[in-house]
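> Below is the structure I would like to discuss, written out as structure tokens.
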Amino acid sequence: MSGRFRRLAETDRPPVSITVDGKEIEALQGDSLMVAMLASGSALRDSEFGDGRRAGFCLMGACQDCWVWTTDGDRLRACSTVVSQGLAISTHQPEASWPNLA
Amino acid sequence: MAEPRVIVVGAGPAGVRAAQTLVKAGIRPFVVDEGRRAGGQIYRRQGEGFTRGYDELYGTEADRARDIHETFEALAPSIDYRPDTLVWNVAEGRAWLSSAGETEAVPYSALIVCSGATDRIVPVSGWNLAGTYSLGGAQVALKAQACAIGHEVVFLGTGPLLYLVAAQYAKAGARVAAVLDTSPFSARIAAFPQLAAQPDLLWTGLTLTLALKRAGIPVLSGVTPVAIEGDPETGVQAIRIRTAGGSERRFACDAVAMGWHLRPETQLADLARCTFAFDEGTRQWLPVTDADGRSTTPGVYLAGDGARVLGARCAEVTGELAARAALADLGHPGDADRRRTLLAAKADYATFARGLARAFPWPHALAAAVADETMVCRCEAVTAGVLRDSVSAKGAVEANRAKAFSRVGMGRCQGRYCGAAAAEIIAAARGEPVVQAGRLRSQAPVKPLPVGTARSGR
């Protein structure tokens, strides 16, 4: 599918491949994990309060909306993580959720 | 200790000038920065392997950005630099650092906090949809990563950043669907004399607006946001607003960048037990400082937008002032002429900032009137109705009690993005001035730490 973010320049960087929810996606060296994921997908995670998918908000490490998980269960803040070859990401948090909507 | 240890928090324009001033005086400061590279948000550097030049990245501020970066690089041998490191608490004369899962407490003789600012937000129905970003975030995507936040972007809010980021997007080839300003155009005319305190910044602002209009982009003033529309799965699809004339308009888009000026990151000042006072002009609680940046806590100095939002250029001035104040208090000789020059420059920037607050006012009535169904807390999907209920049914009289009842301010962002509007909602629900809603107390850690964080062996 086409991504949420649109690359406007700097696209001749070397490719890096990562997996998101088991699917391989191509990113570029120097991408933040957030840009890598949103250049080819539309969201980063589910809101644990039941109001839909989330794709980050502040991009500067203040809002914490862009948490994703490695398949090992570590939590990463996607806006401040740089992609690396072979990174395996899950957009579904391993913990419980607490739907907050009727 | 052989020499007093001075810690500078932040490596944006204020932190870099503070560090430079300390090094010139023969001090080797600790510089702790959350960023991977120095520059702060405003002069944020692009990723490794990117090739755009300074003019393309920073426009009219290219020379300033280059100077901040080069100054900091030249300081490298003379400072203890800790990039990628969060200061998550200040207590008992120590700053608590965390990096890569390890924490350590570093004692200081002087602490200069240059913690910067984040966007101030008015909640809009649908702002929890994927594809809604802060204005600052939209700018980071472009500057640091050469990306637009969407294929069709609407800019909503007020203040100079609204026009700056929209114009940067248009120039970089992004599609800008509309620029929607909640401030009436008449406010800009009224503020003209104060804005003239910085003629070149005023000129830049006018040029940007003109460029947007010339590009055929709808630029509307005096709008009232109605709703961001979309689908919980796929995100933003459109925004609806009411124009100044009262008619409703809808702009199709897949992304919205929103922001109403900035709010300072004051958590560390709060944890250091600095006194705060309510500032009527910006309707914000700000740490009290003297003209040089001394807080009410001995040994703690505040500079840059993290103390009071006066802009990036002024941050260079207040960073140097705060470092000079720290040096003077440590017994170093002062330079009265330099201090006078810096104080005069700061006064001019403060006049300009008052002009901006008048030209692009925080729409507090809009924030207070957010519909019951609209989410105020984006972190935990808590609506304005639940927040009002904490006041009307549960008897909360101020922000911290309302937070305990409603969880507004308790989520991941710790009140950074809901706090300003929540205070307006609480005050309006009680029929009181917003000062009575108080301010959210800061809690350590100021940002979430991994559970496995261990005490460093260092």
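The values are calculated or read from the model by the stated rules, or taken from the named source; none is laboratory data. Nothing here was measured: the structure is a model prediction, and the numbers come from that model. Cβ coordinates were reconstructed from backbone atoms using ideal geometry, including for glycine residues, and neighbour counts include every protein chain displayed.
> For a quick check of your reading of the model, give me the residue pairs whose first member lies in the stretch A:1-20 and is more than 8 Å from chain B (Cβ to nearest Cβ), whose second is among the β-branched types (Val, Ile, Thr) and assigned to a loop (DSSP other than H, G, I, E, B), with beta-carbon atoms closer than 6 Å and at least 6 apart or on different chains.
As it stands, the answer is A:16/A:83; A:18/A:83, since those pairs meet every condition given.
> Could you tell me whether residue A:88 is of a type in the set (A, V, I, L, M, F, W, C) and within 24 Å of residue B:142 (Cα to Cα)?
no
> While we're looking at this one, here's another question. Which residue, of B:141, B:110, B:105, is among the small types (Gly, Ala, Ser) and within 10 Å of chain A (Cβ to nearest Cβ)?
B:141
> Considering (1) away from chain A (no Cβ under 14 Å); (2) touching a residue at least 40 places away in the same chain (Cβ under 8 Å); (3) of a type in the set (Ser, Thr, Tyr), say which one residue B:207 fails and leave the rest.
Every condition holds for residue B:207 apart from (2).
> May I pose another question? Take the residues in the stretch B:396-436 that are among the basic types (Lys, Arg) and either touching a residue at least 60 places away in the same chain (Cβ under 8 Å) or within 22 Å of residue A:63 (Cβ to Cβ) (or both), then tell me which one is farthest from the other protein chains (Cβ to nearest Cβ).
Our first condition is that a residue be among the basic types (Lys, Arg); within the stretch B:396-436, this holds for B:401, B:403, B:407, B:412, B:416, B:430.
Filter once more, keeping what is either touching a residue at least 60 places away in the same chain (Cβ under 8 Å) or within 22 Å of residue A:63 (Cβ to Cβ) (or both): B:403, B:407, B:412, B:416.
Numbers: B:403: 16, B:407: 9, B:412: 4, B:416: 5 Å.
Across the stretch B:396-436, the extreme among qualifying residues is B:403.
> Go over the candidates B:28, B:37, B:52, B:17 one by one and state the one that is under 19 Å from the mean Cα position of the chain (by Cα) and either in a loop (DSSP other than H, G, I, E, B) or within 14 Å of chain A (Cβ to nearest Cβ) (or both). Step through it out loud before you land on a result.
Values: B:28 fails: under 19 Å from the mean Cα position of the chain (by Cα); B:52 fails: under 19 Å from the mean Cα position of the chain (by Cα); B:17 fails: either in a loop (DSSP other than H, G, I, E, B) or within 14 Å of chain A (Cβ to nearest Cβ) (or both).
Every option except B:37 fails the conditions.
> Still on this structure, please answer the following. For a quick check of your reading: which strands (runs of 3 or more DSSP E) sit entirely within the stretch A:1-84 and have at least 2 residues that are on the phi < 0 side of the Ramachandran plot and surrounded by fewer than 18 Cβ atoms within 10 Å (Cβ to Cβ)? If you could, list the steps in order and put the result at the bottom.
Working: elements: A:15-20, A:23-28, A:67-70, A:75-77.
Once the strands (runs of 3 or more DSSP E) in the stretch A:1-84 are filtered for at least 2 residues that are on the phi < 0 side of the Ramachandran plot and surrounded by fewer than 18 Cβ atoms within 10 Å (Cβ to Cβ), what remains is A:15-20, A:23-28, A:75-77.
> Can you name the condition, by its number, that residue B:47 falls short on among (1) within 29 Å of residue A:11 (Cβ to Cβ); (2) at pLDDT 95 or above?
Just one mismatch for residue B:47, condition (2).
Yes or no, residue by residue, for (1) at pLDDT 95 or above; (2) not small (Gly, Ala, Ser):
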{"site": "B:88", "(1), (2)": "yes, yes"}
{"site": "B:94", "(1), (2)": "yes, yes"}
{"site": "B:101", "(1), (2)": "no, no"}
{"site": "B:109", "(1), (2)": "yes, no"}
{"site": "B:114", "(1), (2)": "yes, yes"}
{"site": "B:118", "(1), (2)": "yes, yes"}
{"site": "B:123", "(1), (2)": "yes, yes"}
{"site": "B:127", "(1), (2)": "yes, yes"}
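> Another one. Farther than 25 Å from residue B:163 by Cα, surrounded by fewer than 23 Cβ atoms within 10 Å (Cβ to Cβ) and free of Cβ contacts under 8 Å to residues at least 60 places away in the same chain: which single residue out of B:343, B:321, B:330 fits that description?
B:343
> Which of the following residues is surrounded by 17 or more Cβ atoms within 10 Å (Cβ to Cβ), among the hydrophobic types (A, V, I, L, M, F, W, C) and within 12 Å of another protein chain (Cβ to nearest Cβ): B:75, B:57, B:22?
B:57
Every residue, every condition in (1) in contact with an Asp or Glu (Cβ under 8 Å, 6 or more places away or on another chain); (2) closer than 14 Å to residue B:162 by Cα; (3) at pLDDT below 95, yes or no:
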position	(1), (2), (3)
B:192	no, no, yes
B:219	yes, yes, no
B:222	yes, yes, no
B:230	no, no, no
